[in-house]
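Remarks on the structure that follows.
The values are calculated or read from the model by the stated rules, or taken from the named source; none is laboratory data. It should be emphasised that the depicted structure is a prediction, and the values quoted were computed from it without experimental measurement. Surface accessibility is based on the protein's heavy atoms, side chains included, excluding ligands, DNA and RNA. Shrake-Rupley method; radii C 1.70, N 1.55, O 1.52, S 1.80 Å.
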Amino acid sequence: MTITTTPSNGERFNRVIAFEVSKADLVVYCAPQDVSSTIPNTKSAVRRYLKKQTRTKPGPEVSDLLVVCEATGGYERFVLEAAAELGLACHRAHGSRVRAYARYRGTHAKSDAIDARLLADYGLHGENLKLYQPPSPAQDRLRALLGRRTELRRAMEAEQCGLDHALDKENIAHSIKALIAVLQRLLAGIEAKIVLLMKEDADLAEKARLLQGVKGIGPITAATLLGYVPELGSLSRGAAAALLGVAPFDRDSGKIKGKRHIFAGRGEARSCLYMAAISAMRYNPKFKEFATRLKQRGKPFKLVAAATMRKLATVVNAMLRTGTPKTAQTLA
């Protein structure tokens, strides 16, 4: 009997090449052939290995092959890039889901070889595996700029905390203020580059124009949403809320009816969406009316803010799907 897996796009696979990723090396396991090897974590090495594996089944028959790797903060990029260039289906697995699958299988031991086999098994048996879609060059640049902006903002926050508690005002405080000034200039430069990139790329420029049509969403918020959640516009309203981490999940058991809570999602986008929602609650008439109704029903502020974020996520997803700003007026 052939074991197959059905990803979210409906294709079926019965072969998996799993990559356990580290900074220098990749432990590779092929299933169901039961072949394991170790290669350098370089694009040329990954490309050579994948071409060798697909050479045995040339042409359209490689469609039964799935490449699986785990998200490791960027070290998996050579696997993703090589698979995309060779036209191979690829799934980037979420680390916590793979560990949960390991617990389900009763696998407690952990090593690179064990993890590679586990990833392959996860690829064969997993359901609704979302296939990796390579970003455009503009999206890659935008994501890198947004990441650097986050680093600079965190550095500024750390220095500001140090300034608040500095005892030697003459020397230490002066040094901290000088560094904060440098960070502010660097941050302004990065944000200017983000805005310029959004104007230069036609697709990003049109999407940013639609998003900024909603009062409460500025250029940086629009860039953050497009950079960290490029799927917006292709999702259902529930999927958009879940991806942004603003979907309420049930916490019931037996006769106990627990409070619904939001969690998970993409943190950078969720933080930015929160600030946009606070602004919309104050200055956008539609969202202000919505928030006021919830407050009048006795809902606490955090719940009102989360509900506004969820509504805002629904609006921006619908706007990008239809390509018209009228959706904002209809749904807000």
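Descriptive notes on the structure:
- By accessible area, using a 1.4 Å probe on protein heavy atoms only, the chain has 54% of its surface on carbon and sulfur.
- Based on protein heavy atoms only, the chain ends up with 56 Å² per residue of surface accessible to a 1.4 Å probe.
- Compared with the alpha-carbon gap, the fully stretched path from Val182 to Arg209 is longer by 6.6 nm at 0.36 nm per residue.
- Cα gyration tensor shape of the chain, rounded if a/c is under 1.5, else prolate or oblate by comparing a/b with b/c: prolate
- Taking the chain as a Gaussian network of alpha-carbon nodes connected by springs under 10 Å, the highest mean-square fluctuation of the residues Leu197, Leu294, Leu145 belongs to Leu294.
- Amide proton proximity set for Ala93, modelled H, under 5 Å, gap of 5+: Cys69, Glu70, Ala71
- Distance from region 173-246 to region 119-142 (C-alpha centre basis), Å: 23 Å
- Residues whose amide H falls under 5 Å from that of Leu131, counting only those 5 or more places apart or on a different chain, are Ser8, Asn9, with hydrogens built in the peptide plane.
- Relative contact order (%) - region 124-192, alpha-carbon pairs under 8 angstrom, separation at least six: 36 percent
- Over all orientations, region 92-189 has a Cα convex hull whose mean projected area works out to 10.9 square nanometres.
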